[in-house]
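Please read the structure below before turning to the comments.
Read-outs throughout are calculated quantities, based only on the coordinates presented, and are distinct from any laboratory measurement. A quick note: this is a predicted structure, and the numbers were derived from the prediction, not measured. Every residue, glycine as well, gets a Cβ built from its backbone with ideal geometry; the counts of neighbours run over all protein chains shown.
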Amino acid sequence: MRMNKNGGVFDITQKIVFWPIAIFIIIIILFAVSGMLFGYRNSLVEIPVQLKAEAVAIRFLNAPECFTYVDEEGIINPGVIEASKFTQDQMYDCYHTPGGTEGAKWLNFKIEIEGYGELKTEEFYEGSIIFPLYKNVLVKDGDNFFGKRMIIYVQEKI
């Protein structure tokens, strides 16, 4: 073994201790940088919750199994709510979340039509509304149609 004038045997010992520590630190830095890059990439392609909620909530206005008016000929009238369908049972049939495959399990809704009351999904909790969606609708009550405003309160699952 060749010894240098300054370090002697300690020169080899310093290298044996230095390189494993240096490699460990470099690996930690690589993991941290790759994690930050993946997080940044995911934040760039994330769909805002408002858009997701709008896409899910549109079913209340346009789906015949929800509240949409279907005339005698079977024509679906999007944006026209049938007052007799605006019930809590119909809400459960239209959108239910626990244990089933229907509904977006991470969103809950409370729907209110001026003069016709409010309906809630099974797991809606008062006091934690994220944002409301406002929709102008026609309500068919008997033979009459009334212009009303539907407010859909959106809540992420707690």
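Rounded to the nearest Hz, the phi-derived 3J(HN,Hα) couplings of the stretch 71-79 under the Karplus curve 6.51 cos²θ - 1.76 cosθ + 1.60 (θ = phi - 60°) are 7, 4, 8, x, 7, 7, 10, x, x, where x marks glycine and proline.
A simple rule links phi to the HN-Hα coupling: the Karplus curve 6.51 cos²θ - 1.76 cosθ + 1.60 with θ = phi - 60°, which for the stretch 19-36 gives 5, x, 5, 5, 5, 4, 5, 5, 5, 4, 5, 4, 5, 5, 5, 5, x, 5 Hz, with x for Gly and Pro. Packing here is the average count of other Cβ atoms within 10 Å per residue, and on that basis the peptides 25-35, 113-123, highest first, run 113-123, 25-35. Within a straight-line Cα-Cα reach of under 12 Å, Lys135 can be paired with the following aspartates and glutamates, leaving aside sequence neighbours fewer than 8 residues apart in one chain: Glu54, Glu112, Glu114.
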